[in-house]
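Colleague: I have a structure here, written as structure tokens, and I will follow up with some questions on it.
Read the figures in this text as sums done on the coordinates, not as results from a lab. The shown structure was predicted, so the numbers you read here are calculated from the model rather than taken from an experiment. Glycine also receives a Cβ, built like all others from the backbone with ideal geometry; neighbour counts cover every protein chain displayed.
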Amino acid sequence: MENRRMSDQGAKPVDTKQIKEMLDRKEGKMKRYLSHCAHCSLCAESCFLYMAHHKDPQYMPSYKAISSLGKLYKKKGKVDRKLLTEMKGIVWRNCVLCGRCYCPIGIHIPSMIAFARSVLRSQDVYPQLDEVSSESWL
Amino acid sequence: MYNFIQGPLVSIAFVIFILGLIFQFFQFFRLTKKKEWIYPPVDVKREKKTAGKWITFCLASLNGTLWKTDPLVTIVTSVFHVFLILVPVFLLGHNILLNQSWGFSLWSLPESMTDILTGVVLICVAFFLGRRLFLSRVRVITSLYDYVVLLIALAPFLTGYFAYHQWFHYDTVMTVHILAGEVMLITIPFTKLGHMLFFFLYRFFIGNEYSFARGERTW
């Protein structure tokens, strides 16, 4: 059985073409969501992780969506493994996808983060069980 | 140049604004489809509410909204958005121009009132700018683009205020005012300002927990 540890995750080259294809497939929805976000930060208090981390802005739902999916679209999928690994912490550690985030405009933030997870997972970037328990990937 | 800004560009701006919104509206319906399932289930009969019950229900609902977490921003943003539409549409000067050009006009608010309301809009913009500059949670997601969008929204009101009080060189201020309004109209359908239309589409048509109506569409 393939043992995909974090060190192994780094070995495979990033398939930017595949990322681009994934991004293009959902462009209509995701780009509109990203584009219409007014960057007002009013979603902040609806996130329990934001509240639990002394209102640290990096736990804000909009920040998490912009700095993961937003970056992927901005770079048109041309990202390296280092950046994907950075995003791993944002979309898995800083968000539990509880779906409680509230946007006054009506942007569905969890779907953006879930999609960012899918893109990362397609490149074998996801937290391992032993990583999560040791928190060494944070 | 002044003639072009005051003449054809006004029509061009309105055409782009209206066609742009129509295009975005149809694009939204092309990209979304009716849900195969609806949550909550369709067969749940909604309780008939009297006017009193509705008011009590709405007031009680406010507890779970931004009104509770951020009352100041809720008030400022509500006031800003209402006046942003109200002031230019019901401004006496605009309605006179409308009457001269197309032979019809809407009601007009007293000039002294629109002057105050413009001042209120400017204060609201200053508040938003302050949040962007000094509040770390807003600053962290702010880019130059956000300032540009804020400037696009601010410019027609600031120049209109200057023009009404005849500050600076009147003709130049008026030209910039007209140009600022045209830029705003043109950019609305294609930029972040598109939330003017998409707010309603997202909150009323897309099915999710926070829909205002029973949103029945999905992406």
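Colleague: How far is helix B:111-134 tilted, in degrees, relative to the longest principal axis of the Cα atoms in chain B, given as a value from 0 to 90 rounded to the nearest 10?
Modeller: Its long axis makes an angle of about 70 degrees.
Colleague: Shifting gears a bit: Return a whole-number percent for the relative contact order of the range B:91-219, with Cα pairs under 8 Å and 6 or more residues apart as the contact set.
Modeller: 13 percent
Colleague: Chain A: longest stretch without exposed GluC sites (Glu not before Pro) (DSSP loop, at most 10 other Cβ within 10 Å), sites themselves excluded?
Modeller: Result, exposed sites excluded: A:3-134.
Colleague: Taking neighbour Cβ counts within 10 Å as the exposure measure, how do B:140, A:119, B:82 sort from fewest upward?
Modeller: Starting with the residue having the fewest Cβ neighbours, the order is B:82, B:140, A:119.
Colleague: Which of the chymotrypsin sites (Phe, Trp or Tyr not before Pro) found in the range B:81-152 are loop residues per DSSP with 15 or fewer other Cβ atoms within 10 Å of their Cβ?
Modeller: Within the range B:81-152, the qualifying chymotrypsin sites (Phe, Trp or Tyr not before Pro) (loop, at most 15 other Cβ atoms within 10 Å) are B:104, B:107.
Colleague: Picking from A:127, A:61, A:104, which is most flexible by a Gaussian network model of chain A using Cα springs under 10 Å?
Modeller: A:104
Colleague: Here is a further query. For the range A:30-124, what is the relative contact order in percent, using Cα pairs closer than 8 Å and at least 6 residues apart in sequence?
Modeller: 32 percent
Colleague: Would you give the gap between the C-alpha center of the range B:1-28 and the C-alpha center of the range A:25-90, rounded to a whole Å?
Modeller: Computed from Cα coordinates, the inter-centre distance equals 33 Å.
Colleague: Okay, next question. Rounded to whole Hz and in sequence order, give me ³J(HN,Hα) for the range A:92-102 from the Karplus expression 6.51 cos²θ - 1.76 cosθ + 1.60, θ = phi - 60°, writing x for Gly and Pro.
Modeller: 10, 7, 7, 9, 10, 6, 6, x, 8, 5, 10
Colleague: For a quick check, take a GNM of chain B with Cα springs below 10 Å and name the residue from B:181, B:207, B:160 with the largest mean-square fluctuation.
Modeller: B:207
Colleague: Also, quick follow-up: Give the shape of the range B:97-219 as rounded, prolate or oblate, defined through the alpha-carbon gyration tensor: a ≥ b ≥ c are the square roots of its eigenvalues, a/c under 1.5 means rounded, and otherwise the shape is prolate if a/b is larger than b/c and oblate if not.
Modeller: Here the range B:97-219 falls in the oblate category.
Colleague: Here is a follow-up. Quickly estimate the mean residue ellipticity at 222 nm for the protein assembly as shown, helices only: each DSSP H run with n ≥ 4 gives -39500 (n - 2.57), and the total goes over all residues, rounded to 500.
Modeller: Result for the protein assembly as shown, helices only: -18500 deg cm²/dmol.
Colleague: Moving to a separate point now. Looking at the square roots a ≥ b ≥ c of the eigenvalues of the Cα gyration tensor of chain A, which shape do they give, rounded for a/c under 1.5, prolate if a/b is larger than b/c, or oblate?
Modeller: The shape class here is oblate.
Colleague: Separate question: Please arrange B:11, B:112 by how many other C-beta atoms lie within 10 Å of their C-beta, fewest to most.
Modeller: The most exposed by this proxy come first: B:112, B:11.
Colleague: Rank the residues B:185, B:150 as a footprinting-exposure proxy: fewest other Cβ atoms within 10 Å of their Cβ go first.
Modeller: Lowest to highest Cβ neighbour count: B:150, B:185.
Colleague: Moving on. Would you work out which of B:155, B:87, B:195 lies farthest towards the positive end of the dipole of chain B? Charges go on Cβ: Lys and Arg +1, Asp and Glu -1.
Modeller: The residue sitting most towards the positive pole is B:195.
Colleague: Can you work out ³J(HN,Hα) from phi for every residue in the range B:204-211, in order, using Karplus 6.51 cos²θ - 1.76 cosθ + 1.60 and θ = phi - 60°, giving whole Hz and x for Gly and Pro?
Modeller: Residue by residue, the range B:204-211 yields 10, 9, 7, x, 7, 4, 9, 5 Hz.
Colleague: How high is the relative contact order of chain B, in percent, with contacts defined as C-alpha pairs under 8 Å that are six or more residues apart?
Modeller: That works out to 29 percent.
Colleague: I would also like to ask the following. Which residue, A:96, A:38, A:119, has the largest displacement toward the positive end of the dipole of the range A:30-124 when charges sit on each Cβ (Lys, Arg +1; Asp, Glu -1)?
Modeller: About the Cα centre, the residue reaching furthest to the positive side is A:119.
Colleague: How long are the semi-axes of the equivalent ellipsoid of chain B, taking √(5λ) for every eigenvalue λ of the Cα gyration tensor, in whole Å from largest down?
Modeller: Taking √(5λ) for each Cα gyration eigenvalue gives 35, 22, 19 Å.
Colleague: Rounded to the nearest 20 Debye, what is the dipole magnitude of the protein assembly as shown about its Cα centre when Lys and Arg each give +1 and Asp and Glu each give -1 at the C-beta?
Modeller: 1140 debye
Colleague: Of B:174, B:113, B:184, which has the largest mean-square fluctuation in a 10 Å C-alpha GNM of chain B?
Modeller: Comparing B:174, B:113, B:184 in a Gaussian network model of chain B, the most mobile one is B:113.
Colleague: For the range B:177-187, just list the computed ³J(HN,Hα) in residue order, Karplus coefficients 6.51, -1.76 and 1.60, θ = phi - 60°, integers in Hz, with x standing in for Gly and Pro.
Modeller: 4, 5, 4, 4, x, 5, 4, 4, 4, 5, 7
Colleague: Shifting gears a bit: Span-like helices, chain A: DSSP H, alpha-carbon axial extent 15 Å or more, mean Kyte-Doolittle -1.0 or greater, which ones?
Modeller: Result, helices passing both filters: A:109-122.
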